[in-house]
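> Take this structure first; my questions come after.
The values are calculated or read from the model by the stated rules, or taken from the named source; none is laboratory data. All values derive from a computational prediction rather than experimental measurement. So basically every Cβ, Gly included, is an ideal-geometry build from the backbone, and we count neighbours across all protein chains shown. Calculation scope for accessible area: heavy atoms of the full protein, side chains included, ligands and nucleic acids excluded. Shrake-Rupley method; radii C 1.70, N 1.55, O 1.52, S 1.80 Å.
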Amino acid sequence: MKIFRSLVLIGLLAAGPALADKAGDLVFTERGPWQLTDAPLKWAISQTGPEVEGFKPLGQGTITMTQISDPSDGKPVLQLAEDTARIKRKIGPFPVTGGDPSVTFFLETVARDMAALTGGSPFYIRNRLKDALFRGGEVTQDGNLTVASFQPFKGDKNSQRMYGFETLVLRFALDDPKKPIRKMSAQTGPLAGDRPAYLSEMVLK
């Protein structure tokens with residue numbers, strides 16, 4: 001099984017919602033223990049942006065979260081499966097209790113893509129995401145959905161070197177904080193050099 005590891009981001013999630021403000025609480029609330037023996041969870045994913053050296057948008061695809069047995073001890077664990085025209089892979093295992101694997105995947109994807117498009121440090125990017133998600137966000141209503149929004153690089157001292165990612169906005173739409181997040185999106189304005197905006201979305205089916 002292919003192991004998905006990002007020590008910085010896993011540490012971010014493990015820190016728990018005790019450090020978060022209201023917006024962060026909505027994203028990182030405890031949703032476990034997961035019970036996916038009857039049916040998996042599936043998100044439609046969509047990613048657009050500039051095609052440059054080191055980065056090509058994933059386009060359309062799916063992320064599926066299933067419950068499997070850990071081959072090492074037979075205990076239940078979670079696994080993600082990413083399926084797009086460009087990549088097919090298994091990600092995990094994740095514990096059935098604790099953080100939300102779909103949020104982990106989404107944030108790591110954004111950090112990785114931003115690093116590829118800007119040449120910036122992935123460690124710096126992840127730390128800024130952590131600061132924004134735990135200490136500053138906005139909560140609004142969109143019909144029956146509650147939306148937690150974050151601007152992790154607004155006013156950043158290195159914004160002139162972010163090639164447009166200083167405009168990045170993360171949004172998480174929920175109907176019930178204890179249920180899987182309905183939609184996650186990361187979007188910028190137009191990027192430097194007249195490049196198209198970056199957009200990455202996960203929408204629960």
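> Looking at the structure I just gave you, is I68 free of Cβ contacts under 8 Å to residues at least 60 places away in the same chain, of a type outside the set (S, T, N, Q) and within 30 Å of G119 (Cβ to Cβ)?
Answer is no for this residue.
> Which residue, of A14, A39, A44, A20, is at pLDDT below 90, within 22 Å of R182 (Cβ to Cβ) and of a type outside the set (D, E, K, R)? Give the derivation first.
Details: A14 fails: within 22 Å of R182 (Cβ to Cβ); A39 fails: at pLDDT below 90; A44 fails: at pLDDT below 90.
Among A14, A39, A44, A20, only A20 is at pLDDT below 90, within 22 Å of R182 (Cβ to Cβ) and of a type outside the set (D, E, K, R).
> Would you check which residues across the stretch 35-72 are assigned to a loop (DSSP other than H, G, I, E, B) and polar (S, T, N, Q) and list them?
Residues satisfying the conditions are Q35, T37, S72.
For every residue, the table says whether it meets (1) small (G, A, S); (2) at positive phi; (3) open to solvent by less than 10 Å² (accessible area, probe 1.4 Å).
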| site | (1), (2), (3) |
| --- | --- |
| A85 | yes, no, no |
| I91 | no, no, yes |
| T97 | no, no, no |
| R112 | no, no, no |
| G137 | yes, no, no |
| T140 | no, no, no |
| T146 | no, no, no |
| F153 | no, no, yes |
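> Can you confirm whether L199 is within 17 Å of the chain's Cα centre (by Cα) and open to solvent by less than 60 Å² (accessible area, probe 1.4 Å)?
yes
> Continuing with this model, one more query. Has the stretch 102-118 got at least one residue that is more than 15 Å from the chain's Cα centre (by Cα) and not polar (S, T, N, Q)?
For the stretch 102-118, residues more than 15 Å from the chain's Cα centre (by Cα) and not polar (S, T, N, Q): present.
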